[in-house]
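Presented below is the structure to which this report refers.
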Amino acid sequence: RAERRESMSYGNNREFVLGSPAKEPLPVLTAMKDTESSNKKKSLTAWGAVFTCSNACIGAGVLAFPNVFANGGLVLTLLLMLVVAVLEKTSLSVLVRESKNVGVTDYQEVVAALYGTGLSVFFSCIIILYMFGALTAYIIIIGDVLSAVTERHVGKDSIYSTHAFCIIAMGSCVLLPLSLKRHFHDLQPVSVLSICSLFYLMVAVTIRSAQVMWDKDPSEIFANVRLFPSSFHDVMNAVPVIAFAFVCHLQICEIAAEINPYASFVGRRRSSTEILVDGMYSNALSSLQDESTSLIRSPVTSVRRTRRMMSRVMNYALSICGFFYGTMGGVAYIAEPEKWVKISDLLQGYGVSDNLMEVGRIALVMNLMCSYPINLGPARSAVMNLMQKVFNNKLNDNILASCVTVGLVGLSMFTGISVGSLGAVFKIIGGTVGALLIFSLPGMMLTSKAEQRFSKDYLGGWLLQIFGAGLLTCTLISYFI
């Protein structure tokens, strides 16, 4: 009787998967509680991850796309956008795969796991340089746009219309508080607001372009529109801008770490019971195939789901970016093709007294302010990584993060006020360092992991490296010749 009672008691609390060779029973109730508690943790939703990726990609570069269409031609520019999007989806997938395989959340940590600490330190330095250039460019544009808007309403002699005041006010009141948030799931509403503000700018540009085309004779609308570039130098000017239009590589590893792998794009969220049963079924099949002694391998299932989820996230995010770039750049170029040959800034093509575009300028500032903390994250992570290495991981992580954030925001504000225009310096840094981070290194990862030569991964890796080298060449030619 005692044995029977013990067996019944044991059976009431434990449960086995039939046919499993596992020796340890599965605590079903405990597993369900763990699943429920993990679901309650803050994580990125499916659409939150899409908007975060899009927010990381779309920034001030959208202003250059009418000029890109003028240089590259309507057809070739659209084709190049498609090719670059496919290549960057490949490099993003490599980073997601390797970050999940080695269990890290930062670009430089992936490099450290694959190639050692020395190369990781080098890439941490160039990530800091690359992202600091982007942050400073955001600061300069915010100051320029806001000072122009306030000057129109409060006067040129007012302190509120000065470039320095606008930068200090926005930096201390908006950028710093947003940047102190360390996780992307806390910035999901900010990313949604960023895309909404950009949507308004797109609508404003479309309205003004439609008004210009309405006043033309139908036969004259496409009269001066070039479908292809007129010279090789025009192509060299267009390619670097297109190549950096879909960049979220320095954020993608953390996005993959924060996303809920069981999130859904449509419909209801799956219950914890469904998640548990699905995990038991898939992993039980795996255990039967390889005769493993483990009963449930939820981390493996979660990694696979994360990779599949991130593939969809990247597809949607790149499509959103392409939609904004193609619509704003293409419509503006078709309406006034001759104007954008010499004007490289979208907002400079419209008068400061245009009320519709003035709101569009404010929308652009909102977009940049929302993108700023998303782009500050990789720079902060790289600085913290270097400092922890110097002090043997003895620094308090939260205090260090706050200090680094304040330092980066303050230094970018100081640089933006002091320099005013960085011109070709940051363009060259972006073109050279960006080519290495976005194409060349992911290509090396892909070829080194290929199981055999001339496989899909091997050829894809070499294609990324070749494109990275070509992009570097285009950047140097466009800025020095």
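The values are calculated or read from the model by the stated rules, or taken from the named source; none is laboratory data. Because the structure is a prediction, the values reported are computed rather than measured. Counting neighbours? That spans all protein chains shown, and the Cβs are built from the backbone with ideal geometry, glycine included. Just the protein is used for accessible areas: all its heavy atoms, side chains included, with ligands, DNA and RNA removed. Shrake-Rupley method; radii C 1.70, N 1.55, O 1.52, S 1.80 Å.
The set of residues in segment 329-346 that are in a helix (DSSP H, G or I), open to solvent by 10 Å² or more (accessible area, probe 1.4 Å) and not basic (K, R) comprises V331, I334, V341.
Scanning segment 83-112 for residues that are surrounded by fewer than 16 Cβ atoms within 10 Å (Cβ to Cβ), without any contact (Cβ under 8 Å) to a residue 12 or more places away in the chain and of a type in the set (A, V, I, L, M) gives V83, V86.
Kindly indicate whether any position in segment 202-217 is aromatic (F, W, Y) and loosely packed, with under 14 Cβ neighbours inside 10 Å. Yes; the residues of segment 202-217 include at least one that is aromatic (F, W, Y) and loosely packed, with under 14 Cβ neighbours inside 10 Å. A residue that is open to solvent by less than 10 Å² (accessible area, probe 1.4 Å) and β-branched (V, I, T) occurs somewhere in segment 312-328. Would you mention how many residues in segment 347-376 are within 16 Å of F132 (Cα to Cα), of a type in the set (S, T, N, Q) and open to solvent by 20 Å² or more (accessible area, probe 1.4 Å)? Qualifying residue count, segment 347-376: 0.
Of these, F467, F439, F414, F454, which one is open to solvent by less than 20 Å² (accessible area, probe 1.4 Å) and either part of a loop (DSSP other than H, G, I, E, B) or modelled with pLDDT of 70 or more (or both)? Of the residues listed, the single one that is open to solvent by less than 20 Å² (accessible area, probe 1.4 Å) and either part of a loop (DSSP other than H, G, I, E, B) or modelled with pLDDT of 70 or more (or both) is F439. Restricting segment 144-169 to residues that are surrounded by 20 or more Cβ atoms within 10 Å (Cβ to Cβ) and touching a Gly at 6+ places or on another chain (Cβ under 6 Å), the residue that is farthest from L376 (Cα to Cα) is C166. Total residues in segment 54-80 satisfying the condition of being within 14 Å of M236 (Cα to Cα) and not in a helix (DSSP H, G or I): the figure is 1.
Using the structure shown, decide if T117 is closer than 22 Å to L437 by Cβ, surrounded by fewer than 22 Cβ atoms within 10 Å (Cβ to Cβ) and over 19 Å from the mean Cα position of the chain (by Cα).
yes
Do we find that V266 is part of a helix (DSSP H, G or I) and of a type in the set (A, V, I, L, M, F, W, C) in this structure? Judged against the criteria, V266 is not a match.
For N385, are the conditions met, namely being open to solvent by 20 Å² or more (accessible area, probe 1.4 Å) and either among the hydroxyl-bearing types (S, T, Y) or modelled with pLDDT of 90 or more (or both)?
yes
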